[in-house]
Amino acid sequence: MTSEIALSPLLIDGEWLATDRVYENINPSDTEEQVGRFHLADAALARRAVAAATLAQPAWADQSPQLRAEVLDRAGSELLARLAELGELLAREEGKTLPEATGEVQRAAQIFKFQAQQALQAEGELYASTRAGLRVEVRHEPVGVVGIITPWNFPIAIPAWKIAPALAYGNTVVFKPAESVPASAWALVDILQRAGLPPGVLNFVPGSGREVGQTLLDDARVRAISFTGSVATGQRVAAACSARQARYQLEMGGKNPLVVLDDADLEIALDCAVQGAFYSTGQRCTASSRLIVTKGIYTKFRDALIARVAALRVGHALDPDTQIGPVVDEAQLAQDLRYIALGREEGARLAVGGELLHRRRPGHYLAPALFVDADNAMRISQEEIFGPVAVLIAADDAEHALALANDTPFGLSAGVCTGSLKLAHHFQRRLQAGMVMVNAPTAGVDHHVPFGGSKASSVGPREQGTQARQFFTQTKTSYIRP
Ligand code: TXE
């Protein structure tokens, strides 16, 4: 069933291009099914895309902001109109369930509509000068050409939350999606192009990180890189950009704690834990991979959680009964299994899950795994696994739980379940994370407010909402004697 699938081209300078390299995209719910076939860029084509973006940028920046807003808004409308179709495509290529995938497309649409409005807000402020007869004008101008490098776990929402503000504020874009999820990225680029972008404003160069990604990092014409992915690649982005004084924005994941205190509502805490740790197959940078529970509620919570995890239905992403889809690909599955073996060696008790599952179709199915009686110093408690694997750690009391929660190099998201307003406030202030959730899962955020972490999770200004402006514009202060 593969030969009839069309090949999707690259986009450079408004032209769709074919190359002699092809990537075949496989459905993780059914590894015998091909999702699509994609032409891949190489370093030379990536440089051509940068040249096109460089040429197109001044005119795009001078364009009426109303026109930029209309293009983004139209793209948002088309995403909404094609929610079911694009949700299915996303579920087929990434493996998240249909409701999760459709929700992601909807979020991408909301982002475009929100950022469309921001296109009209970029101008700046007027000040009186300390010197008589002068006035001071502060403008927020585009940065120039922006390289956007994205991971596989949110194949449409992450590109949307980087591309939408980049274009809204008058930048041009060279976009390189993750190797394994080009289909949603391609659909998004096609929608934006048809929504009315002039040639060169958005260029699409799927390809390998080491070749195409690295070319963007090293090209002096690319003035900013917005990146989401692993810590190791994030460090390469930082090194390459700082070597040539380009700005960068990194989002590199977490080891997010959900603290459950003795006075928590048990049902709410269980919902937060199951949702936060295992939904989207645990493949979220905001996943609650560490569950830290004080000893008064530990046994009750542990036993109820084991039962809830054991009952989760793992299956084909498009099956309406499925709660947890497959792992994205073989490499990620191998990483999950390595950490499960490591947890056992480290002495944590695997209470449930962790085994490969067989379903009607061949896929990367893994039973959600819960380690209990774990120690926060173990590698399974310190390193991002990025799969349906969580650890349960006992704490003596609230202060001990807080210390354990903060004992991590990461700081993206953190949660606390408690019935006490006083403790909620205390945790809200003291948790070292960019996002804090009280009686809510650590994963699941809104598109119109800042997103990002502290410590090793994020570098650079926040993404999303109105704060996206900080990264995608640069400030110019002018002194004018009229
Ligand atoms: O990440 P990479 P991968 C973590 C998670 C996962 C692991 C590996 O633990 O198991 O990272 O995932 C591009 N120059 N997260 O391999 O390699 C690459 O092509 C420029 C957590 O997908 O960091 C892709 O487009 N670009 C994270 C993007 O970087 C390069 C989400 C991310 O890929 C490059 C994803 C280079 N030299 C993975 N090398 C989260 N927490 O959100 C690669 N890339």
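Table for the structure above
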read-out: Condition broken by residue 267, with the remaining ones in (1) crowded, with 24+ Cβ neighbours inside 10 Å; (2) at pLDDT 95 or above satisfied; value: (1)
read-out: Residues being in contact (Cβ under 8 Å) with a residue 24 or more places away in the chain and away from the ligand (no atom under 16 Å from the Cβ) - total across region 378-400; value: 9
read-out: Residue match in region 116-137 (condition: within 30 Å of residue 328 (Cα to Cα) and in contact with a Pro (Cβ under 8 Å, 6 or more places away or on another chain)); value: no
read-out: Close pairs (9 angstrom Cβ cut-off, 6 or more residues apart or separate chains): at negative phi in region 326-353, modelled with pLDDT under 95 and open to solvent by 50 Å² or more (accessible area, probe 1.4 Å) anywhere; value: 348/373; 349/373; 351/373
read-out: Selection from region 389-401 of residues that are in contact with a strand residue (DSSP E or B) (Cβ under 8 Å, 6 or more places away or on another chain) and open to solvent by 10 Å² or more (accessible area, probe 1.4 Å); value: 394, 396, 397, 398, 400
read-out: Residues that are open to solvent by 50 Å² or more (accessible area, probe 1.4 Å), of a type in the set (A, V, I, L, M) and more than 12 Å from residue 169 (Cβ to Cβ), drawn from region 103-135; value: 126, 128, 132
read-out: Pairs where the first residue, in region 16-28, is within 26 Å of residue 322 (Cβ to Cβ) and the second is among the β-branched types (Val, Ile, Thr), C-beta under 7 Å, 6+ apart; value: 25/35; 26/35; 27/35; 28/327; 28/328
read-out: Top-ranked residue in region 176-233 [being within 7 Å of the ligand (Cβ to nearest atom) and basic (Lys, Arg); ranked as nearest to residue 108 (Cα to Cα)]; value: 176
read-out: Some residue of region 220-230 being over 18 Å from residue 459 (Cα atoms) and open to solvent by 10 Å² or more (accessible area, probe 1.4 Å); value: yes
read-out: Complete set of residues in region 371-382 that are open to solvent by less than 30 Å² (accessible area, probe 1.4 Å) and either part of a helix (DSSP H, G or I) or under 24 Å from residue 310 (Cβ atoms) (or both); value: 371, 372, 374, 378, 380, 381
read-out: Qualifying helices (runs of 4 or more DSSP H) (wholly inside region 383-482; at least 1 residues being closer than 30 Å to residue 109 by Cβ); value: 468-472
read-out: Test: residue 322 is within 16 Å of the ligand (Cβ to nearest atom) and either touching a residue at least 60 places away in the same chain (Cβ under 8 Å) or part of a strand (DSSP E or B) (or both); value: no
read-out: Residues satisfying the stated conditions in region 144-158, i.e. over 17 Å from residue 220 (Cβ atoms) and more than 6 Å from the ligand (Cβ to nearest atom); value: 148, 154, 155, 156, 157, 158
read-out: Of all residues in region 1-45 being assigned to a loop (DSSP other than H, G, I, E, B) and of a type in the set (Gly, Ala, Ser), the one that is modelled with the lowest pLDDT; value: 3
read-out: Residue 60 vs. criteria open to solvent by 60 Å² or more (accessible area, probe 1.4 Å) and either aromatic (Phe, Trp, Tyr) or in contact with a Gly (Cβ under 8 Å, 6 or more places away or on another chain) (or both); value: no
read-out: Subset of region 176-213 (residues that are buried (at least 24 other Cβ atoms within 10 Å of the Cβ) and without any contact (Cβ under 8 Å) to a residue 60 or more places away in the chain); value: 177, 185
read-out: Selected residue (criterion: nearest to residue 69 (Cα to Cα)) from residues of region 83-118 that are among the polar types (S, T, N, Q) and part of a helix (DSSP H, G or I); value: 117
read-out: In region 161-211, the residues that are of a type in the set (D, E, K, R) and within 18 Å of residue 251 (Cβ to Cβ); value: 162, 176
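Results for (1) open to solvent by 10 Å² or more (accessible area, probe 1.4 Å); (2) modelled with pLDDT under 95; (3) out of contact with any Ser or Thr (no Cβ under 7 Å at 6 or more places or on another chain), shown as yes or no for each residue.
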position: 248; (1), (2), (3): yes, no, yes
position: 255; (1), (2), (3): no, no, no
position: 262; (1), (2), (3): yes, no, no
position: 279; (1), (2), (3): yes, no, yes
position: 293; (1), (2), (3): no, no, yes
position: 301; (1), (2), (3): no, no, yes
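The values are calculated or read from the model by the stated rules, or taken from the named source; none is laboratory data. Every value quoted in this text rests on a predicted model; they were computed, and no experiment measured them. Positions of Cβ are backbone-derived with ideal geometry, glycine not excepted, and every protein chain shown enters the neighbour counts. Note: accessible area is taken over every heavy atom of the protein model, side chains too, but ligands, DNA and RNA are not part of it. Shrake-Rupley method; radii C 1.70, N 1.55, O 1.52, S 1.80 Å.
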